[in-house]
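Heads up: the structure comes next, in structure tokens.
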Amino acid sequence: MICLTDKFELVAMGVCLNISQEVGISLKKYMIVICVALIMILIGFGIKHHVDKNDIDFSNAERISLVYSGNINVEITDKDDIKTLKEIISGVSYRENPSCGFGYDYAVIFEYENNKTYMCIAYDGCSHARINNTNRYVRIKSRDTLNGILQKYGIPEIGPI
């Protein structure tokens, strides 16, 4: 918060600067310096927290399968389930290291031509899916809907261990 008083004091971010007319530096110049400093801080913060993002879209997937612990491998045939899975798992992928547990125990496999994309679902309740064996992830839009579809095909509910 910036506050100007009648004594030409500038209070910015808890630091009080006495601006004297004797120094010959105007209040306008101090404001410019502070604004430039704040802009530089914001730019630095933005660069530090920049996330590499890619759109993930499975609308062209020809086949969708569910895998559970190597014991269950079923192909999704219900058109509504296919549409729902494409919607809740598609989105913006990002590079991160979430503290969720991932593996091929719970996976949704999207196939297009000769390409397979494994969306490894976090099995500890996180709303994330890892893309193949990478450090790229996508947020699952509705964990409850996903669990409902998995249970419909004989795969137990994914939740906290």
Checking the structure you have, find out if any residue of the range 62-72 is among the charged types (D, E, K, R), at pLDDT below 80 and in a loop (DSSP other than H, G, I, E, B).
no
Name the single residue, out of those in the range 112-161 being free of Cβ contacts under 8 Å to residues at least 24 places away in the same chain and in contact with a helix residue (DSSP H, G or I) (Cβ under 7 Å, 6 or more places away or on another chain), that is surrounded by the fewest Cβ atoms within 10 Å (Cβ to Cβ).
GLU157
Go through the residues of the range 113-120 one by one and say whether even a single one is in the same structural domain as PHE58 (by TED's automatic domain parsing), touching a Phe, Trp or Tyr at 6+ places or on another chain (Cβ under 8 Å) and assigned to a helix (DSSP H, G or I).
no
Say whether the condition of being touching a helix residue (DSSP H, G or I) at 6+ places or on another chain (Cβ under 6 Å) and acidic (Asp, Glu) is met by at least one residue in the range 101-108.
no
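The values are calculated or read from the model by the stated rules, or taken from the named source; none is laboratory data. All of these numbers come straight from a predicted model, not from anything done at the bench. We place every Cβ from the backbone using ideal geometry, glycine too, and count neighbours over all the protein chains shown.
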